[in-house]
Structure formats: structure tokens, C-alpha cells
Amino acid sequence: MNEISSTEHAIGSVDDHGVATVTIRNAKALNIVNSAVGAEVTAAIGELAARPEVRALVLRGTGDRAFIGGADITEMSTLDRRAAEVFIDGLRALCQAVRDFPAPVIARLPGWCLGVGVEVAAACDLRIGSSTARFGMPEVAVGIPSVIHAALLPRLIGTGRADWLMLTAENIDAQTALSWGLVHEVVPPEELDAAVARTARRLAEFGPSAVRQQKKLLRSWEELPVERAIAESVAEFGAAFDTGEPQRYMTEFLNRKRS
């Protein structure tokens, strides 16, 4: 693992397979996000986004008590309207850096995932959780609405479930999150790292240009009318052949089939 960046609150690294990792650190026991933590994690993600050798990114907190246990209530309790907007815009930038990352992002989800933790996880492409994980949107219980990338939740888990999660401030367990589509896979705690690594390595084995194209298409399809999305994907298919990846991977497939 080659360390790319290291600050008080974030470490960015890339291994020899092109799997990058950003680890949140020194953010209390539950990886709580304040302004400084958010800014440094955003910067670490941005630095890795500029590296063409990166084929997948794993986003994680330190330890197994939480992915992200929420935003820093101590900081938020002192804010006025203008400062609150600046604070939440910093968290918006963090979620958007994850969402805009050119390669797929995998969220490693042990323990607690609350508030902005759920929003960051929703901005990731793939979410793998421990069976001990717990998810919740507790904002209304402390006098604020859920905002920014909570807007992804209705289309991710359905309007009714998003309504329940954000209006009741109740937590859900990992199996419920799986059945709702909030996470893609749930494994025992001792298997979490292996499951994350397995998925990241699988992504790294594919043609990097094709995977980046696919992520870009998936994002664009969220905004485009269906007929336009279908039509515009023709050019993307053609562009794939400029990279040489289809020729290489298809030839390898045919050779394996013949052998």
C-alpha cells in the first residue's frame, strides 16, 4: 500500500492493484465529521481522483465502531444561520466529491452509520456492511432537517422508507438496510474486510476505462429522460473501442473459451 496523502484527519493510499483507500482518523471514537474532518477527507478524495491508476476507492473510518457516526453536534450547536450554511456546504462538498469520483467508490460500513454518514454512504456506488451495522437519520431529533445528499435516499430506498427514516429518526439494522436496498451486501463482522477487498479487487480487474464510462453513464441516467439516455449511450459504446479495452478483454475471453 503506497501512502499518497496524510493529514490529521485523513489518509489516502493506493495499492499495487489500483485500489485506493481513504481512511477517516482522529475524529472521535465514532468518526464524527466536523468542518476540519470534512475538509481534509474531501481533499484526500480529490487528490486520489486525479490519479489515473486508481481503479476503485474504499472509503472507511478508523476502527469498527462506526463508518461515520454523524456530524459534530458540538460544533453545530454554536452556529448561526450563515455559519450553518457554510458548515453544511462543506459536508455537501464531501458527499459530492464521493459522488463525482471517477472510479467506483465502496463504503465499508461497520457499526454506526448516522446522519451525514448515511449521506456519504448513499453517495458511494457500492455499500458493504457488517451484520452489526446500524443506520439512522437522527437530524429531526436535534432540531434540524436532513438535507444535502439525503435527497438521494427516496430514489435509493423508495419514498415511503425515506419518509420513515427521516421523519421518525429511528434506526434500522443491517438486515433491514439490506432488504431496503440501502446496502448491497451484509457479512459477519469478521468477514467485512475480506468482502470489501474482494469487491474492490474485482473492480480493479476490469478495464479501467470501461468501468469509469459505466459509472459516468449511471450518473447521467439519473438525470436524462430514458429515450435520450438510450440514444446518447450509443456514442459511449463506440468510444469504448478507442481505448483498446474491448479488443483486449474480448480476445482474452475468446482465448479462454477455446482452451
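No value in this document is a laboratory result; all are computed from the given coordinates. Remember, it's a predicted structure, so these values are computed and weren't measured experimentally. Cβ coordinates were reconstructed from backbone atoms using ideal geometry, including for glycine residues, and neighbour counts include every protein chain displayed.
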| said: To test your reading of the geometry: what angle, between 0 and 90 degrees and rounded to tens, separates the Cα axis of helix 81-100 from the longest principal axis of the chain? | reply: 20
| query | Among (i) 19.0, 69; (ii) 17.5, 52; (iii) 19.0, 61, which one is Rg and Dmax of the Cα atoms in Å computed from these coordinates? | reply | (i)
| query | Using the Cα gyration tensor of the stretch 122-259, with a ≥ b ≥ c the square roots of its eigenvalues, what is the shape: rounded (a/c below 1.5), prolate (a/b larger than b/c) or oblate (neither)? | reply | oblate
| task | Just check the stretch 1-42 against the gyration tensor rule for me: Cα atoms, a ≥ b ≥ c as the square roots of the eigenvalues, rounded for a/c under 1.5, and otherwise prolate or oblate depending on whether a/b exceeds b/c. | result | prolate
| message | Test of understanding: what is the full-extension gain from K28 to V147, defined as 0.36 nm times their sequence separation minus their Cα-Cα distance? | response | 40.5 nm
| Principal-axis tilt of helix 192-205 within the chain, Cα atoms, nearest 10 degrees | 40
| Tilt of helix 208-221 relative to the longest C-alpha principal axis of the chain, in degrees (0 to 90, nearest 10)? | 50
| message | Around W180, under 12 Å between beta carbons, what's the net of Lys plus Arg minus Asp minus Glu among the other residues? | response | +1
| remark: Checked the stretch 128-202 with the C-alpha gyration tensor, a ≥ b ≥ c its square-rooted eigenvalues, rounded below a/c of 1.5, otherwise prolate if a/b is larger than b/c and oblate if not; verdict prolate
| query | In whole angstrom, and with the biggest value first, how far do the Cα coordinates of the stretch 208-258 range along each principal axis? | reply | 41, 18, 18
| message | Quick check: pseudo-label points 7 Å beyond the Cα along Cα→Cβ at M250 and Q214, how many nm apart are they? | response | 1.7
